[in-house]
Amino acid sequence: MGTWDATPFGNDTAADFAGDLDDLALDERPAAIREALEAAIREADHLDRSEGDTAVAAAALVAAQCPGGPPADPIYGPERPVPDLPDDLRPLALAALDRVAGPNSESQDLWTETGDGLQEWHAEIDRLRKALTAKPE
């Protein structure tokens, strides 16, 4: 699977996405995060694992900027700062997480096959959802 843990950046695809973000100009990063979220949402058929993993990583970056949100992975996440993201990315991030953790998702299917790993992965997804739905202070 190219995965070493259930965290949002705990796989090759998400780590590559972080590297791709680092290669972009600061003002281009929000658009890349938006595109990763929208790509997962608009997939009507079977969502490919690579799109799912990228969407979870993008959602984690949005969640990191929410009140009490978990920080982005300091090792495998982006090394360069992510600028302030627009608030309209929060509902997109939630919709993308629902898509990735729902039916017809290769990520969901692969985590289901791991047995115990599924609970840990869902706990990570739920942690992101909690941050994304937190009310601003």
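Evaluate the Kirkwood expression for the hydrodynamic radius of the chain, namely the inverse of the mean inverse distance over all pairs of different C-alpha atoms, and round to one decimal in Å. All intermediate terms of the calculation are to be shown ahead of the outcome.
Values: mean 1/r = 0.0687 Å⁻¹.
Kirkwood hydrodynamic radius for the chain: 14.6 Å.
If you put +1 on each Lys and Arg Cβ and -1 on each Asp and Glu Cβ, how big is the dipole of segment 12-133 around its Cα centre, in Debye rounded to 20? Could the numbers behind the result be given before it?
On the way: 10 positive and 27 negative charges, 113 e Å.
Charge dipole of segment 12-133: 540 debye, to the nearest 20.
Counting alpha carbon pairs within less than 8 Å and at least 6 residues apart, what relative contact order, in whole percent, applies to segment 1-106?
Numbers: 137 pairs, mean separation 38.1, N = 106.
Reported as a whole number, the value is 36 percent.
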Net charge, D98 excluded, C-beta distance under 12 Å - Lys, Arg +1, Asp, Glu -1
+1
Using only alpha carbon pairs under 8 Å that are at least six residues apart, calculate the relative contact order of segment 51-108 and give it in whole percent.
44 percent
Expected max-MSF residue from Q108, Q65, Q119 in the GNM of the chain (alpha carbon, under 10 Å) is Q119
If one builds a Gaussian network model of the chain from Cα atoms under 10 Å apart, the most fluctuating residue listed among A31, A18, A64 is A31
In nm, spacing of pseudo-spin labels at Q119 and K135 (7 Å Cα→C-beta vector)
3.2 nm
Just to be sure I understand the model, the point goes 7 Å from the Cα along the line to the Cβ. What's the resulting R80 to N104 distance in nm?
3.7 nm
Residue-averaged [θ]222 nm for the chain, counting only DSSP H segments that reach four residues, each worth -39500 (n - 2.57):
-18500 deg cm²/dmol
Are there any GluC sites (Glu not before Pro) in segment 62-118 that are in a DSSP loop and have at most 14 other Cβ atoms within 10 Å? List them by number.
E79
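Just so you know, all these numbers are worked out from the coordinates, no wet-lab data involved. Here the structure is a predicted model, which is why all the values come from computation and not from measurement. Heads up, the Cβs are rebuilt from the backbone with ideal geometry, glycines too, and the neighbour counts pull from every protein chain shown.
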